[in-house]
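Here the structure is laid out as structure tokens; the discussion comes afterwards.
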């Protein structure tokens, strides 16, 4: 028997219909993602790049923007997977700071010279393969007129991402999160300030450049600022979900830095409230993009409450 607010059950039917459409969109995105990744067998050959990872990346993007088509979502989906590849290379493949610097150098060359990735790939290094994959994404981005005007933002966010990844590598190499803490060790605030290493803002900027209408592109700077706050929320949600795995894999996590789960949860609540305030003046001009950012918070809260993205090591 249905409740008094929905005597016909139409609301449940509508919710199920929307979920079904979004699931179908995710399935299309996953198929495209796996076919695309097959072009980079070295980059995506590690065991954690399994069907689970492809499926969860596709689902996250589909539920973040269920109004889009798979074709319009492909930049966001592919950039998301690229971020996982970069994370894997920097955190688990690279053994020296020189290797990290090489990855950064080769990838940052891509926005400046369109063929840089393909040229770098001839050297056969992990950074070169990552740059070749990035150049493929950028070649798709250059197909839209907005890219020329916003190439600088794409490059700047890529620089922020790679720099933040290198900073975290240094922290781990220095043992900044070891149990016996010193006064000069890494703090929770320093860690959170480095949230660009999560990569979601890089994905968002690529998506907005590729699909954004004039009001969106005119407010890209403001949207980017809110995206940075959302990125902090996602970074902390991920930490709450992956602490045990991070301990096993030797990765960094905010819970290793002298704060407990309740402190992290309280910070998440505070940042979410700040995000809502920051999004309010953007809603009239960019309602779709406001929904996009809010849905990232909602989806990730539900997702990380149960699982995370990576397959088994």
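The values are calculated or read from the model by the stated rules, or taken from the named source; none is laboratory data. What you see is a predicted model; the values in this text were computed from it and never measured. Cβ coordinates were reconstructed from backbone atoms using ideal geometry, including for glycine residues, and neighbour counts include every protein chain displayed.
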- Task: Considering every residue within region 8-20, establish whether at least one is in contact (Cβ under 8 Å) with a residue 24 or more places away in the chain and farther than 20 Å from residue 211 by Cα.
- Result: yes
- Query: How do the helices (runs of 4 or more DSSP H) wholly within region 137-238 filter down when requiring 3 or more residues that are buried (at least 20 other Cβ atoms within 10 Å of the Cβ) and in contact (Cβ under 8 Å) with a residue 60 or more places away in the chain: which remain?
  - Reply: 146-173, 200-211
- Item | Given (1) in contact with a helix residue (DSSP H, G or I) (Cβ under 9 Å, 6 or more places away or on another chain); (2) surrounded by fewer than 19 Cβ atoms within 10 Å (Cβ to Cβ); (3) not in a helix (DSSP H, G or I), number of the condition residue 101 does not satisfy | (3)
- Item | Set 94, 86, 70, 58: member being crowded, with 21+ Cβ neighbours inside 10 Å, touching a helix residue (DSSP H, G or I) at 6+ places or on another chain (Cβ under 7 Å) and more than 18 Å from residue 296 (Cβ to Cβ) | 86
- Query: Residues of region 249-272 being farther than 17 Å from residue 175 by Cβ and under 22 Å from the mean Cα position of the chain (by Cα), which ones?
  - Reply: 264, 265, 267, 268, 269, 270, 271, 272
- Item | Residue list for region 261-299, filter: assigned to a loop (DSSP other than H, G, I, E, B) and without any contact (Cβ under 8 Å) to a residue 40 or more places away in the chain | 283, 284
- Log entry, pairs with first residue in region 301-313 being part of a loop (DSSP other than H, G, I, E, B), second being exposed (fewer than 11 other Cβ atoms within 10 Å of the Cβ), beta carbons closer than 9 Å, six or more apart or on different chains, reads 311/47; 311/51; 312/47; 313/47; 313/248
- Task: Could you look through region 21-50, keep only residues that are assigned to a loop (DSSP other than H, G, I, E, B) and free of Cβ contacts under 8 Å to residues at least 24 places away in the same chain, and pick out the one that is nearest to residue 139 (Cα to Cα)?
- Result: 38
- Query: Condition test on residue 117, is it in a helix (DSSP H, G or I), crowded, with 16+ Cβ neighbours inside 10 Å and modelled with pLDDT under 90?
  - Reply: yes
- Query: Within region 16-39, is there a residue that is surrounded by fewer than 12 Cβ atoms within 10 Å (Cβ to Cβ), under 21 Å from the mean Cα position of the chain (by Cα) and over 27 Å from residue 147 (Cβ atoms)?
  - Reply: no
